[in-house]
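Novice: Sharing a structure, written as structure tokens. Questions coming.
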Amino acid sequence: MGKFQLPLFGAVARKKRACFFSLHPKDKAKKFSAYAPKAMTHFATKYGLPVLEDPADLAAFDLVFFSLHCFRDFYLIARMAHHKRTGQEWIAGGNACATPAGVGWVMDYVWVGDCRESFARILDGEREMEGMYDPRFPDRPVRYIDEDLHTEALSPSMMEMSKGCPRRCLFCIHPWRHRYQEAPVEAVEKFVREFPKMRLGLMSNSSDDVSYYERVADLLTETNKQDMTVSNAVQSFSERIAKQRKADMLFGVEGVSERLRWIVNKPISQALLRDKVDLCLRHAGKVRLIYQFNLPGEEPRDFDEFERDVAYFNATHTKGAVALTFIPNQPTAHTPFQWLTPRYSLATQDRLMALRGRLIGSGKTGLGLYLPTPLGPRSWFSQVVAEWIAVTPKVDAAVAKLPARAEVPEMVDRLAAAGVDLPPAFLKRDRDTVFPWSNIITTGDDPAKWKRYEGMLRKLSGARFANTSTPAPEAWDR
Ligand code: SF4
């Protein structure tokens, strides 16, 4: 039998012996690895539950909680499902559980949404609850639980400063899942003042969109502390914040061109993007830019613009570091993007890898530009299908045998040849499509979602960028 940590405090006699199971053990000698989901760490500590890392230890428990944060976790569950013993109850929660169909085949229940106010009731045996998905009734409506933002710290070094997002990017789950809320500034200031170390976490989708973030930035400087500034919106990043920040900075740029950013409702102009990156590099010397590829309407001219931006950064700065992280778009459930047919462009992947090669070693002669290898087609496809079908051991095995590189229709055909069928709507969606997650009702669920999708299609066929010429990328020799 493997080892697991018993709780140091708070263990109470309950009818059921309960535990968490960690899918990502990094250091088995430690109670919580660096990759442990924050919610799992929080609840295990608060309620004195052991965190298991070896499935062989599960048999001693009647109730097992899982915190699932990405769709790859669904495959990890498939690989350990045979450890579930008769009479044992499994309950999952976590970000990935807003689309619970993929794990319903093995979970007894799936909690959908925030859980701080409900966890104790679930632990005590309550199951008939508004946010509880019961796989025996897969079509029954379940309301995503969107709790009021808590000021209680999530961990000794982390608290939630804001939740949701005041903007409305069409691909992004945050505005469609939660209403936007900010913690009272006094609670954030108290947390910063009392935190004993230098680096702390003020969780927010976009720190500089928080109405009082400049005040918090002043306090961080005054107390010689740093947080990671996330500027998902980019527009709000100011000179005042730039001057004070020495820690990591992250910009959610998303579209590679002004045209694509406008289409997905993230209207960051090219000039503004260049200005904000300049600001960052002048003051902090480094920034991470997050982009997506496979956005709707994407064309080679969009990547031409991106390469001109890269050339501009290279010509304008002689030192510092810019990470250019690319994420393949996955049409996100519950957002206006859910009507998009999933697509992974191999040609775009080739282009990114070619640029990655050209950038290697750039830091030796000037600005260090780094483009990490993006997620490849097979891993991406495995995530996409996990929202549509039960991820059983059979599906896990079939996905593992898919070619590493293929376009979506070929992947679909290969799965079918292995006896795994996707519903027709996977490749053909319309206004009346019933998604596997259609019974999950989120805070932002309203008819405007479809209208926004239609609006995006109108933009795509509109005149605004129709005649954009494609000047050659600015020369930049290496
Ligand atoms: S600004 Fe960022 S967090 Fe907000 S909706 Fe857009 S992508 Fe999402």
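Where a number appears in this text, it was derived from the coordinates with a stated rule and is not lab data. Keep in mind that this is a model prediction, so the values were computed, not measured. Quick reminder, even Gly has a Cβ in these numbers, built from the backbone with ideal geometry, and neighbours come from all protein chains shown.
Novice: How many percent of DSSP beta bridges within the chain run antiparallel, rounded to 5?
Specialist: Given both bridge residues lie in the chain, the antiparallel proportion sits at roughly 15 percent.
Novice: Fewest Cβ neighbours within 10 Å first, please rank F381, F465 accordingly.
Specialist: Arranged by neighbour count, lowest to highest, F381, F465 become F465, F381.
Novice: Please go through the residue pairs K266/K449; K319/K364; K286/K319; K225/K246; K266/K451; K38/K266 and name each one whose alpha carbons sit more than 20 Å apart in this structure.
Specialist: Flagged as over cut-off: K38/K266.
Novice: Okay, next question. When a footprinting reagent is the concern and you count Cβ atoms within 10 Å, what order do S211, S345, S155 take, fewest first?
Specialist: Taking fewest neighbouring Cβ atoms as first place, the list is S211, S155, S345.
Novice: Residues with amide H under 5 Å of G320's amide H, sequence separation 5 or more or different chain, H placed in the peptide plane at 1.01 Å from N; which?
Specialist: G368
Novice: Mind checking the angle between helix 408-417 and the chain's longest principal axis? C-alpha axes, 0 to 90 degrees, to the nearest 10.
Specialist: 30
Novice: Under the classification rounded if a/c is under 1.5, otherwise prolate if a/b is larger than b/c and oblate if not, where does the chain fall, given a ≥ b ≥ c as square roots of the Cα gyration tensor eigenvalues?
Specialist: It comes out oblate by the Cα gyration axes.
Novice: What is the order of Y144, Y370, Y213, fewest Cβ neighbours within 10 Å to most? Display every interim value, and only then the final one.
Specialist: On the way: Y144 22, Y370 15, Y213 28.
With the fewest neighbours first, Y144, Y370, Y213 line up as Y370, Y144, Y213.
Novice: If we count every other residue with Cβ under 15 angstrom of E152's Cβ, Lys/Arg +1 and Asp/Glu -1, where does the sum land?
Specialist: With Lys, Arg at +1 and Asp, Glu at -1, the net is -2.
Novice: Note down the nm distance, to one decimal, between modelled labels 7 Å out along Cα→Cβ at E299 and at W450.
Specialist: 3.0
Novice: Here's something else I'd like to know. Decide, for region 125-174, between rounded, prolate and oblate: order the square roots of the alpha carbon gyration tensor eigenvalues as a ≥ b ≥ c, take rounded if a/c falls under 1.5, and otherwise choose prolate if a/b is larger than b/c, else oblate.
Specialist: Here region 125-174 falls in the oblate category.
Novice: Calculate, in nm to one decimal, what L427 and D278 gain on full extension: separation in residues at 0.36 nm each, minus their alpha carbon distance.
Specialist: Length gained between L427 and D278: 49.5 nm.
Novice: Using Cα positions and a limit of under 16 Å, work out the aspartates and glutamates in reach of K190, with same-chain residues fewer than 8 apart set aside.
Specialist: Once the sequence-local aspartates and glutamates are set aside, what remains near K190 is E152, E160, E182, E214, D218, E222, D227.
Novice: So if I take the centroid of the Cα atoms in region 64-131 and the same for region 243-312, what is the distance between those two points in Å?
Specialist: 37
Novice: Rounded to the nearest 10 degrees, what's the angle between the helix 213-222 long axis and the longest principal axis of the chain, both from Cα atoms, 0 to 90?
Specialist: Approximately 90 degrees, to the nearest 10.
Novice: Still on this structure, please answer the following. Please determine, in degrees from 0 to 90 and to the nearest 10, the orientation of helix 270-283 with respect to the longest principal axis defined by the Cα atoms of the chain, where the helix direction is its Cα long axis.
Specialist: 80
Novice: Describe numerically, in nm with one decimal, the distance between label points set 7 Å from Cα along Cα→Cβ at T86 and at L346.
Specialist: Label-label distance for T86 and L346, simple model: 4.9 nm.
Novice: A follow-up question, please. Unpartnered cysteines of the chain (Cβ-Cβ under 4.7 Å counts as a partner)?
Specialist: C19, C70, C97, C115, C165, C280
Novice: Tally Lys and Arg at +1 and Asp and Glu at -1 over the other residues with C-beta under 13 Å from the C-beta of A81: what net charge comes out?
Specialist: Charge balance near A81 sits at +1.
Novice: Excluding P423 itself, what net charge comes from residues whose Cβ is under 14 Å from its Cβ, given Lys and Arg +1 and Asp and Glu -1?
Specialist: Here the charged neighbours net out to -2.
Novice: Now for a different question. Toward the positive end of the charge dipole of the chain, about the Cα centre and with charges on Cβ (Lys, Arg +1; Asp, Glu -1), which of G131, A398, L281 goes farthest?
Specialist: The one lying farthest along the dipole's positive direction is L281.
Novice: Also, quick follow-up: Using +1 at the Cβ of each Lys and Arg and -1 at the Cβ of each Asp and Glu in region 206-305, identify which of L260, L219, I290 lies farthest towards the dipole's positive end.
Specialist: L219
Novice: Between E147 and R17, what's the calculated FRET efficiency when r is the beta-carbon distance and R0 is 22 Å? Round to 0.05.
Specialist: After rounding to 0.05, the efficiency reads 0.20.
Novice: Using only DSSP helix segments of four residues or longer, with each worth -39500 (n - 2.57), what per-residue ellipticity at 222 nm results for the chain after dividing by its residue count and rounding to 500?
Specialist: Result for the chain: -9000 deg cm²/dmol, rounded to the nearest 500.
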